[in-house]
Amino acid sequence: ENEVLQQRIEAVRKELGEELLILGHHYQQDEVIEHTDLRGDSYQLSEMAAKSQACRTIVFCGVHFMAETADILANRPDRIEARDGRRVDVLLPDMAAGCSMADMAAIAQVEAAWADMSEVIETEQVIPVTYINSAASLKAFCGRHGGIVCTSSNAKAVLEWAFERGQRVFFFPDQHLGRNTALTMGITEDQMPVWDPYALEMGGNTDEQIEASRVILWKGHCSVHQMFRAEHVARFRKEHEGIQILVHPECPREVNDIADVSGSTGKIIQTVQNAPAGTKWAIGTELHLVNRLKDEHPEQEIHFLSPVVCMCATMYRIDLTHLCWTLENLRDGRLVNQIRVDEETTKWSLIALERMLAVK
Ligand code: 13P
Ligand code: SF4
């Protein structure tokens, strides 16, 4: 059955040629990755969308916030002009491919938090930073309030950018990426209160805690990376002499602190590629990527850091059936599952995204 789907997908790719660009995130299943034109981490995929020129349609094999970002960046005013007024349509093969972390921060909650904290600190001096894993409305909030977007590959440079412009940072939705990054900059945990959107007052903090803050962290997390534990690291170190621990910064502090390397999916791949044969790794990130690395690097010894399966159920929703359905409809002139961010949100979120793309 898969073989038939593969052939049907390839037939549409061949027919549409350059008009079609299929992008895939590293967490996609192998069988989907095989049909992508380009793959990358969140930052690389944003750049690919921002540079897209020849294509008419981007089919995004990833999750909803990534497709939104692609729609915004592929349709920047200068890109549309360079294409003689033509927009690029972005399609997400399954609309249920969301991100549980992105869902942990709704724009109304972020706005309410901002209003609450303005009672004890000057919000003109607070730079909002949203992890790219967030709805476009949160990126727009950052654009409106002098803030910026970050990914796991540039979080430190982005925080430095923010501290050149304000006294404090309000970081959402991933507390772990925010905390792990700020710790590398000498900011201590007592300067990082966690804002719980469901708490009755001040996100569950005292006024003094908010006043003493340098980074206010949103109480959000990735359900996949939350499952890696310090005891998993300890067990590998004990049982496999010389093993290197490689994790994603969405992992909790206890894990991140004791890892040898921490970085985006792009950095994880690069680190393995650059290591000499025989290197032993225990990797703490989404299962499909770790399994692919195992297959591609038989010369190294690669283990999955957790004893239980940690996979991203929403990334996994993109499969050959949905991809084929999307592509065949496209070939027949029907746009299914189009992701189109409204004009006002696009305008403001683009400001925050462009600030990020300008940070080196
Ligand atoms: P990166 O690919 O940017 O490291 O992001 C990981 C992730 O969780 C995507 O949802
Ligand atoms: Fe969201 Fe985590 Fe899945 Fe990435 S791995 S899409 S952060 S739930």
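Laboratory data are not the source of any read-out in this text; all were calculated from the coordinates shown. None of the values given here were measured: they were computed from a predicted structure. Every residue, glycine as well, gets a Cβ built from its backbone with ideal geometry; the counts of neighbours run over all protein chains shown.
Numbers at a glance
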read-out	value
Net charge of Cβ neighbours under 10 Å - reference residue 134; Lys, Arg +1; Asp, Glu -1	-2
q = 0.25, 0.26 Å⁻¹: log10 I(q)/I(0) that the Debye formula gives for segment 265-338, counting C-alpha atoms only	-1.09, -1.14
Fraction of the pair-distance distribution of segment 159-315 above 19 Å, Cα-Cα pairs, percent	58
Geometric extent, Cα atoms of the chain - Rg, Dmax (angstrom)	20.8, 63
Against the rule of thumb 2.2 N^0.38 Å, how large the Cα Rg of segment 55-114 comes out	1.39
Inverse mean reciprocal Cα-Cα distance (Kirkwood Rh) of segment 72-198, Å	16.1
Ratio of Rg to Rh over segment 1-101 (Cα coordinates, Kirkwood Rh, two decimals)	0.97
Computed over the chain: relative contact order in percent, which uses C-alpha pairs under 8 Å that are six or more apart	22
Qualifying lysines (Cα of each under 21 Å from Cα of residue 360; at least 8 residues distant if same chain)	51, 139, 156, 267
Spin-label zone in segment 243-281 - amide nitrogen under 14 Å from a point set 7 Å from the Cα of residue 189 along the C-beta vector	252-258
Segment 312-326 versus segment 182-224: alpha-carbon centroid distance in Å	36
Extension reserve of the residue 336-residue 241 stretch, reckoned as 0.36 nm per residue once the Cα distance is removed	29.1 nm
Fewest-first sequence of 215, 149 by Cβ atoms within 10 Å of each Cβ	215, 149
Net charge, residue 348 excluded, C-beta distance under 12 Å - Lys, Arg +1, Asp, Glu -1	0
Over 23 Å [Cα-Cα, segment 225-304], rounded percent	10
Modelled FRET efficiency - R0 35 Å, residue 96 with residue 206, Cβ distances, 0.05 increments	0.30
Residue 160-residue 261 pseudo-label distance in nm [points 7 Å out on the Cα-to-Cβ vector]	2.1
Kyte-Doolittle at least -0.5, axis length at least 18 Å by Cα - qualifying DSSP helices, the chain	343-358
Neighbourhood net charge (12 Å Cβ-Cβ; Lys/Arg +1, Asp/Glu -1) for residue 180	-2
